[in-house]
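The values are calculated or read from the model by the stated rules, or taken from the named source; none is laboratory data. Quick caveat, the model's predicted, so the values are computed rather than measured. All Cβ positions, even for glycine, are placed from backbone atoms using ideal geometry, and neighbour counts span all protein chains on display.
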Amino acid sequence: MIYTCTMNPAIDLFMAFEQYEPFNVNRSIYEDYQANGKAINISFILKKMDIKSTATGFLGGFTGEYIEQQLIENSISVNFVKVDGITRINTFIRSGQLEYKAVNRGPEISQKAQEALIQHIKKLTSQDILFVSGSLPKGVSDNIFVTIAKLSERQGFSLILDISSSRLMDCLPHRPYLIKPNNEEMAHLLGIPKLESKKELVMAAKTLLDKGAERILVSRGEKGALYVDKENVLFATAPKGKVVNTACAGDTMLAVFVGKILKKENLEEALICATAAGSSTAFRAGLSDLEDIPLLKQQIQLKRGSSE
């Protein structure tokens with residue numbers, strides 16, 4: 001079974017304006033509300049691929065009820081820990097070529113609620129896959145990532161991590177199945193100011209492999225994606241298009257990549273489809289419906305190796 005864990009979910013409000021000016025009443029020309037959170041997005045995308053998952057994490061208040069309702073209406077199983085407070089609402093504003101992101105902190109999570117989530121995860125077995133993605137709410141230490149990594153090693157479930165915490169380095173000795181940093185996150189993990197060339201990216205990825213990660217998928221924005229494991233180095237270019245929203249592109253890429261692997265596609269096809277899917281989401285306000293993937297795939301070039 002596949003599980004997705006979002007500890008700091010949100011309702012995402014997407015808005016577009018002809019102009020967005022300070023101290024004025026700005027009236028939108030478009031708005032859309034979506035149940036969101038990085039791992040919740042993964043559940044939505046997996047469902048579009050006819051892959052079942054169960055969404056877990058923390059939810060609170062009327063906003064939490066809305067998110068749970070949206071998942072259930074999309075035939076996604078839920079097993080959230082209910083908490084006091086109100087799950088956050090984030091706002092993404094597009095005005096001309098500018099994009100503004102207003103992200104709330106969310107409710108404070110009690111130790112009791114955190115232990116309840118860990119008890120859920122302790123039930124996973126070697127037949128299960130767990131995605132853990134996104135930020136942490138108030139009250140939750142990033143030590144929880146290491147706790148989950150230790151559980152994955154002990155119980156044998158495949159752990160996929162998309163987190164920006166530096167504690168990711170402490171998770172690597174427990175051999176997560178896959179991690180998905182972007183360029184900047186990978187540089188930060190290794191204490192490097194920038195990773196500019198492909199050769200530098202590959203060397204950095206291989207350093208993380210040496211520290212315990214089994215596979216690495218690097219999202220590179222308009223430059224595409226990189227996949228590295230012990231035997232493979234694959235670069236994919238990104239298709240061209242007008243970027244509308246970048247908030248969920250990485251989640252889409254990760255979900256499609258793993259989904260294609262689960263459907264027994266080869267690595268090359270999985271990476272091409274994942275890169276196309278990530279771009280498809282970036283080219284619209286919400287998550288991709290995946291229908292334009294065949295067209296976007298035609299623009300993508302795949303290359304093995306680390307040379308420029």
Out of Thr87, Thr56, which single residue is surrounded by 20 or more Cβ atoms within 10 Å (Cβ to Cβ) and within 20 Å of Leu124 (Cα to Cα)?
-> Thr56
Of the candidates Asp229, Asp251, the one satisfying the condition of being acidic (Asp, Glu), in contact (Cβ under 8 Å) with a residue 60 or more places away in the chain and surrounded by 17 or more Cβ atoms within 10 Å (Cβ to Cβ) is Asp251
Could you list, in sequence order, the residues of the range 248-269 that are closer than 18 Å to Tyr3 by Cα and either over 13 Å from the mean Cα position of the chain (by Cα) or not in a helix (DSSP H, G or I) (or both)?
-> Gly259, Lys260, Ile261, Leu262, Lys263
Quick one: count up the residues across the range 254-285 that are free of Cβ contacts under 8 Å to residues at least 24 places away in the same chain and either farther than 19 Å from Phe131 by Cβ or of a type in the set (Ser, Thr, Tyr) (or both).
-> 3
Per the filter on the range 1-23, residues modelled with pLDDT of 95 or more and polar (S, T, N, Q) are Thr4, Thr6, Asn8
Within the set of pairs 6+ apart or on separate chains, which have a first residue in the range 158-181 that is without any contact (Cβ under 8 Å) to a residue 60 or more places away in the chain and closer than 15 Å to Ser126 by Cα, a second that is buried (at least 19 other Cβ atoms within 10 Å of the Cβ) and of a type in the set (Ser, Thr, Tyr), and C-beta atoms under 6 Å apart?
-> Leu159/Ser152; Tyr177/Ser158
Name every residue in the range 77-97 that is farther than 30 Å from Glu21 by Cα and either of a type in the set (Asp, Glu) or in contact with a Phe, Trp or Tyr (Cβ under 7 Å, 6 or more places away or on another chain) (or both), in order of residue number.
-> Phe80, Val81, Val83, Asp84
Candidate set from the range 81-102 (those that are touching a helix residue (DSSP H, G or I) at 6+ places or on another chain (Cβ under 8 Å) and touching a residue at least 40 places away in the same chain (Cβ under 8 Å)); member that is farthest from Phe14 (Cα to Cα) | Thr87
Residue count, the range 165-200, condition in contact with a strand residue (DSSP E or B) (Cβ under 6 Å, 6 or more places away or on another chain) and more than 30 Å from Gln155 (Cα to Cα), comes to 0
Quick check, is Ile272 part of a helix (DSSP H, G or I), of a type in the set (A, V, I, L, M) and surrounded by fewer than 23 Cβ atoms within 10 Å (Cβ to Cβ)?
-> no
Using the structure shown, decide if Leu195 is in contact with a helix residue (DSSP H, G or I) (Cβ under 8 Å, 6 or more places away or on another chain), part of a loop (DSSP other than H, G, I, E, B) and not assigned by TED's automatic domain parsing to the domain that holds Ile129.
-> yes
